[in-house]
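A.B. asks: What follows is a structure written as structure tokens; I'll ask about it next.
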Amino acid sequence: MTWTDCSIVHLQRRSTASGAALLSKQIIARFPEDPHDHRQCFDEAMNTAENLCKRLGLKLTAQRRRVLELLWSSHKPLGAYEILDMLNKQGAGAAPTTVYRALDFLLSNGLIHRIESLNAFVGCAAPDKEHGGQFLICSSCGLTAELDDDGLTEEIRDRAAKLGFDVKKQTIEVSGLCPACFVPNNK
């Protein structure tokens, strides 16, 4: 099951306190394991993006596609200027506005996420599924995993409502160490 490192993996379904609704907890994108067939998850992500754009009548232009490919080239978030440098090293002759327009398109259509704390972007492994943004970010190597916990999303929404606050968007970013960088004290 190496390719699922980048795909949706169901963890658990449970009832709410009243037992009325089922909430899901999913890993949208795992930390990659060694060995990791990144080509398969890359191809899957690009096919999903192309199909979603086709279904919604959106244009995944060559420039937008290239930016998305760069974001999927690893599991580390990339900043706009990192993407610009990568494009220019490939001879694209891109300008910052070109990159920002591509990122705006990809972001507004759910194909990528913005990691606010890093001012960077990462590909979304489930762009065709509405979900909250819950990210685990390795402070050592920069790898990022994405979670989708409906219970956590609802808890925040409920607590905010009790304060009279209307939640429009939720993004949770947790910094720590991924399995490859974590060294327990007893080793």
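Read the figures in this text as sums done on the coordinates, not as results from a lab. The shown structure was predicted, so the numbers you read here are calculated from the model rather than taken from an experiment. Neighbour counts are summed over all protein chains in view; Cβ atoms, including those assigned to glycine, are modelled from backbone coordinates with ideal geometry.
A.B. asks: Nearest 0.05, what FRET efficiency do A160 and V183 give at R0 = 25 Å with Cβ-Cβ as r?
C.D. replies: 0.10
A.B. asks: Spin-label point model (7 Å from Cα, Cβ direction): what's the T171 to L52 distance in nm?
C.D. replies: 1.5
A.B. asks: Moving on. Amide H of F121: which non-local residues (sequence gap of 5 or more, or other chain) have their own amide H closer than 5 Å, using H built in the peptide plane?
C.D. replies: Sorted by chain and number, the residues that satisfy this are L78, G79, I115.
A.B. asks: Moving on to the next point. Can you work out ³J(HN,Hα) from phi for every residue in the stretch 134-144, in order, using Karplus 6.51 cos²θ - 1.76 cosθ + 1.60 and θ = phi - 60°, giving whole Hz and x for Gly and Pro?
C.D. replies: Rounded to whole hertz, the list is 10, 10, 10, 10, 6, 6, 9, 9, x, 4, 10.
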